[in-house]
Amino acid sequence: MTQVPIDVMSRPFSCDRITFLMLPDGIFEIALGRQILNAYFTNSSATDLHNIEIFIESASDSGIVINPSTKVVKKLPSNAFTLISWVLGLDSVLLALLPSLYISVPCPSS
């Protein structure tokens, strides 16, 4: 399997779904229910990447409701980054901390 040279250099962060303001320190607050998950994806290769598909594959807690959508990045130049967002429903999460999310970046076919 070919490795895609995409990195998430800083942890994903939460924004309010109505105001789009980042929550304090980007923390996901379960009491607010639906929030926006934001993450910066960086092309760590020496070449431009084209037609990259990025999606949340799964969550470790069945209480996290993910608005499923595949994000397509048409072109990501070398060492550049892009911000990608998804809507998450945290209404049914019972833990005080947000469980793990698994984000997938399939290798683009040549």
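The values are calculated or read from the model by the stated rules, or taken from the named source; none is laboratory data. Fair warning: this is a prediction, and the values are worked out from it, not measured in the lab. Positions of Cβ are backbone-derived with ideal geometry, glycine not excepted, and every protein chain shown enters the neighbour counts.
Remark: pairs (first residue in the range 59-85, closer than 18 Å to ARG34 by Cβ; second residue hydroxyl-bearing (Ser, Thr, Tyr) and not in a strand (DSSP E or B); Cβ separation under 8 Å; 6+ apart in sequence or on different chains) = ALA59/SER100; SER62/SER92; GLY63/SER92; ILE64/SER92; VAL65/SER92.
Across the range 30-45, which residue is farthest from VAL87 (Cα to Cα) among those that are touching a strand residue (DSSP E or B) at 6+ places or on another chain (Cβ under 9 Å) and touching a residue at least 60 places away in the same chain (Cβ under 8 Å)? Among residues in the range 30-45 that are touching a strand residue (DSSP E or B) at 6+ places or on another chain (Cβ under 9 Å) and touching a residue at least 60 places away in the same chain (Cβ under 8 Å), the one farthest from VAL87 (Cα to Cα) is PHE41. Only a single item in (1) at pLDDT 85 or above; (2) surrounded by 18 or more Cβ atoms within 10 Å (Cβ to Cβ) is not met by ILE56, and it is number (1).
Considering only residues that are under 12 Å from the mean Cα position of the chain (by Cα) and exposed (fewer than 15 other Cβ atoms within 10 Å of the Cβ), which ones fall in the range 59-70?
If the condition is that a residue be under 12 Å from the mean Cα position of the chain (by Cα) and exposed (fewer than 15 other Cβ atoms within 10 Å of the Cβ), then ASN67, PRO68, SER69, THR70 are the ones that fit.
Of all the criteria given as (1) surrounded by 14 or more Cβ atoms within 10 Å (Cβ to Cβ); (2) closer than 14 Å to GLY89 by Cα, the one not satisfied by ASN43 is (2). Could you list all residues from the range 71-89 that are crowded, with 17+ Cβ neighbours inside 10 Å and out of contact with any Ser or Thr (no Cβ under 9 Å at 6 or more places or on another chain)? Scanning the range 71-89 gives a single hit, ILE84. Do the conditions hold for SER78, that is, is it within 15 Å of VAL8 (Cα to Cα) and over 12 Å from the mean Cα position of the chain (by Cα)? So SER78 passes the test.
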